[in-house]
Amino acid sequence: MIERPRYLSALEPFIGKQVIKVLVGVRRSGKSTLLALVQNELERHGVSRADMLTVNFESARFSHIASANDLVEYVSRHARTDRKQYLFFDEIQEVEGWERALRSFMVDYDADVYVTGSNATLLSSDLATHITGRYVRIPVHPFSFAEWVAAFSREEEASNERKMFDRYVEQGGFPFQVELDFAAESTLRYVEDVYSTILFKDVVKRNGIRDADQLERIVSYAIREVGHAFSAQSVSNYLKSERRSVSVDTVYGYLRAAEEACLLYRVGREDAVGKRALKFNEKFYVVDHGIRQALGMDNRSSIDQVLENIVCMELLRRGWNVTVGKVGDKEIDFVARKREHVEYYQVSYLLADEATRDREFAPLEALPDNFPKYVLSLDEFPVSRNGIQGMKLIEWLLG
């Protein structure tokens, strides 16, 4: 198993505490492995495996557990009441009324509870309703570039960061590629199958969507256009040109379902000077850019979009709230906020000439505050000016 210290560090303050640990993320992002890593950590601290109960609701072994009552009955037959129990529930959204069962376990047992799920809205809303103040939510994503490098096993390439980054741009970060020895063709075939599973199980089936083909076209459009200003009306017009009628409300409904499945991330727009949210031209980013390549979209030919996607997901991994900034008629790729801290980011492939440098630096130079400002690029020798720091994107990702 690949250690994922960032997530273990986030979990550590809550291990053993009377609070439900909720790991939320897209399918195959490594949530089950994180549960196993937590179990190993508990064992190192003297907890017996006999006091750990694990239920993976995607396994046929547990297909008989379909409701909260089924789950309560199963736990009552296998958990002890005379000492602390450690309960692990994987993909718990498969159980109807699961939140009532968790509330029962918190009352009836001295329980340390961990759950994973692939539906962000379902878990957040139901937990907030039924288990107020007794849970902590930790988003889980596929490998960052730093994690990908740490897992990479090919010694002949491991010393060349740029060569590894080029592979990461193409293959993305789904953890199972470790098992495939990072072979590109096998990885992309696997990622394509993961994407199909997400669409069918977590979007179509869960939301009762009847026109799966139309859904796939709309989600595919959003994935192809990552980093570009998005308009549901433009999607509707695009489908009409293919003689397929769809309303703006339907477009947003389908994209909202993809967001709930942690497949897409919507990034709103704000006036970076007036600090006001703007209700137009938001952007979408895909949870892992390898999905684009697996769907036949050449990531290298859309490198600016893909780099922007990589930076957006990295900021989210690091716990920032992200928006797109507007300064007059100029745009800042990302305004990142974490409590009272703010950072600004521009992302560019290469700052090859003065016109490109002006385009990337000018929006940051127009900001009146003194928060940190960065221009990330693949340049070997990044340019800085007027207090705005140019940084090598690869070093920032590894930092």
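Worth pointing out:
- Extension gain for the segment Asp193 to Ser245, taken as residue separation times 0.36 nm less the Cα-Cα distance, is 15.9 nm to one decimal.
- Entry comment: accessible area of region 141-236 is 44 Å² per residue, from protein heavy atoms only and a probe of 1.4 Å.
- Phi-based couplings in Hz for region 361-377 (Karplus 6.51, -1.76, 1.60; Gly and Pro marked x): 7, 4, x, 6, 5, 7, 7, x, 9, 10, 5, x, 10, 10, 10, 9, 8
- Hits among lysines - C-alpha to C-alpha of Lys201 under 29 Å, sequence gap 8 or more where chains match: Lys21, Lys31, Lys240, Lys283
- Percentage, to the nearest whole number, of Cα pairs in region 1-133 over 25 Å apart: 19 percent
- Remark on the chain: ratio of C-alpha radius of gyration to 2.2 N^0.38 Å is 1.04.
- Whole-Hz ³J(HN,Hα) from phi, Karplus 6.51 cos²θ - 1.76 cosθ + 1.60, for region 74-80, glycine and proline x: 5, 5, 4, 7, 10, 9, 9
- Three principal axis extents of region 140-255 based on alpha-carbon atoms, in descending order, are 52, 29, 24 Å.
- Candidate lysines - alpha carbon under 21 Å from Lys163, same-chain residues fewer than 8 apart omitted: Lys392
- Phi-based couplings in Hz for region 232-246 (Karplus 6.51, -1.76, 1.60; Gly and Pro marked x): 4, 5, 5, 5, 4, 5, 4, 5, 5, 5, 9, 6, 10, 7, 8
The values are calculated or read from the model by the stated rules, or taken from the named source; none is laboratory data. It should be emphasised that the depicted structure is a prediction, and the values quoted were computed from it without experimental measurement. For accessibility, only protein heavy atoms count, side chains too; no ligands or nucleic acids. Shrake-Rupley method; radii C 1.70, N 1.55, O 1.52, S 1.80 Å.
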